Amino acid sequence: MTVQIEVQPFSHGFDCEENETILSAALRQGLLLRYGCKNGGCGTCKIKLIDGDIESDTRNSFTLTPDEVEDDWFLPCITQAMDDCVVDVSQMELTEEEFLSGDTSLEFETEVAVNEPMTPDIRRLRLRIKNPDGMEFTAGQFANIQIPGTDLLRPYSMANASRERNMLEFGIKVLPGGVFSDVLSKDLRVGDKLVVHGPYGDLRIRSSHRNIIMIAGGSGLAPLLSMLHHLADKGNIRPVQLFFGARTLDDLYYLEDIQSIQEEMPCLEFIPVLSESWPEDWAGATGMVTDVVKEMLPSLNNYDAYMCGPPPMIDAAIPILGELGVRPRNIYFDAFVPSASAA
Ligand code: FES
């Protein structure tokens, strides 16, 4: 059965086939809805149902809060229409021209410049862009790397400054049995070619006068580091606190980069938090990163919050940030879903 999706505020409609997600249907018909991961993990495609009946795959519950679900927000990348629907995409801040001009993300040919371990399970991958000439990305965005010899894509956030147009840096967690993890840790050499698609995602620093708290877990440090580079480049003077949760001392990385940003931007405070084990002489914070935030900052009135990390960290942090005074609309995050298998 084919149903009709009417898109507000543009009063434009498109067909959606049975077993097709609303996002796929829009892209197939040359229309743009903003998207990133296409699997419910990033929240980029969030829009509102005005009328009609839909069915969503709700496995990635962290991407929408219960209040948002109650209020009819949904993710078209994991949602099928059961009937004719009216949706509102105003939240995407798309112009009608962008909407009608379709997907403009590009495919880039790149070459491996660096592939080295940063921690026991996180590798630094730097890709030099060969063609077309450089990617215009916003700090906080991500790209999809195509696994060589397949059409499988894996999303990773850029960690470098967006001013480096010809280079993309990623901090990638090596997952046991992961398809790209195996390639990355065993086969990929300097000079090898990789295809990258992007940029995607709408995690970015918002202009405001508020202080900034950033919370990263595991390989979630990458987009926040890129955003810190951006803030330093802009001469930011808003106080910034970066909390980084890792299991052990060996799992901390990008420490030199953070230190050099601090030299440029002294209003940056860095709080590494170790959750599993730590040396006797460790003078820093220990425990769950979200608990440490609560202990150190009893009030977060007048803060913007940016987070990236595994879904349980994001799920734990959102209510805590709310309790401490961050307004829900000032909480921005990317939760990543590990992609270990080929599926
Ligand atoms: Fe829909 Fe990422 S594209 S949640």
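The values are calculated or read from the model by the stated rules, or taken from the named source; none is laboratory data. These numbers come from a predicted model, not from an experiment. Quick reminder, even Gly has a Cβ in these numbers, built from the backbone with ideal geometry, and neighbours come from all protein chains shown. Areas reflect the complete protein model, heavy atoms only, side chains present, ligands, DNA and RNA absent. Shrake-Rupley method; radii C 1.70, N 1.55, O 1.52, S 1.80 Å.
Would you point out which residue out of 49, 33, 23 is in a loop (DSSP other than H, G, I, E, B), among the hydrophobic types (A, V, I, L, M, F, W, C), in contact with a strand residue (DSSP E or B) (Cβ under 9 Å, 6 or more places away or on another chain) and within 15 Å of the ligand (Cβ to nearest atom)? If you could, list the steps in order and put the result at the bottom.
Working: 49 fails: in a loop (DSSP other than H, G, I, E, B); 23 fails: in a loop (DSSP other than H, G, I, E, B).
Selected residue: 33, the only one of 49, 33, 23 that is in a loop (DSSP other than H, G, I, E, B), among the hydrophobic types (A, V, I, L, M, F, W, C), in contact with a strand residue (DSSP E or B) (Cβ under 9 Å, 6 or more places away or on another chain) and within 15 Å of the ligand (Cβ to nearest atom).
Could you tell me whether any residue of segment 195-206 is without any contact (Cβ under 8 Å) to a residue 12 or more places away in the chain, surrounded by fewer than 20 Cβ atoms within 10 Å (Cβ to Cβ), away from the ligand (no atom under 16 Å from the Cβ) and more than 18 Å from residue 113 (Cα to Cα)? Give the steps one after another, and end with the answer.
Applying the first criterion (without any contact (Cβ under 8 Å) to a residue 12 or more places away in the chain) to segment 195-206 yields none.
No; the residues of segment 195-206 include none that is without any contact (Cβ under 8 Å) to a residue 12 or more places away in the chain, surrounded by fewer than 20 Cβ atoms within 10 Å (Cβ to Cβ), away from the ligand (no atom under 16 Å from the Cβ) and more than 18 Å from residue 113 (Cα to Cα).
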Q: State which residue is most open to solvent (accessible area, probe 1.4 Å) when the search covers only segment 99-136 and only residues that are in contact with a Lys or Arg (Cβ under 9 Å, 6 or more places away or on another chain) and among the acidic types (Asp, Glu).
A: 136
Q.
Exactly one of these conditions fails for residue 40: (1) crowded, with 16+ Cβ neighbours inside 10 Å; (2) touching a strand residue (DSSP E or B) at 6+ places or on another chain (Cβ under 7 Å); (3) small (Gly, Ala, Ser). Give me its number.
A. (2)
Q: Just need a number here: residues in segment 119-154 that are out of contact with any Gly (no Cβ under 8 Å at 6 or more places or on another chain), at pLDDT below 95 and not in a loop (DSSP other than H, G, I, E, B).
A: 5
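Evaluate the following for residue 79: is it open to solvent by less than 20 Å² (accessible area, probe 1.4 Å), under 19 Å from residue 140 (Cβ atoms) and within 15 Å of the ligand (Cβ to nearest atom)? Break it down stepwise before answering.
Working: open to solvent by less than 20 Å² (accessible area, probe 1.4 Å): yes; under 19 Å from residue 140 (Cβ atoms): no; within 15 Å of the ligand (Cβ to nearest atom): yes.
Answer is no for this residue.
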Q: Please verify whether segment 57-68 includes one or more residues that are in a strand (DSSP E or B) and either within 24 Å of the chain's Cα centre (by Cα) or among the β-branched types (Val, Ile, Thr) (or both).
A: no
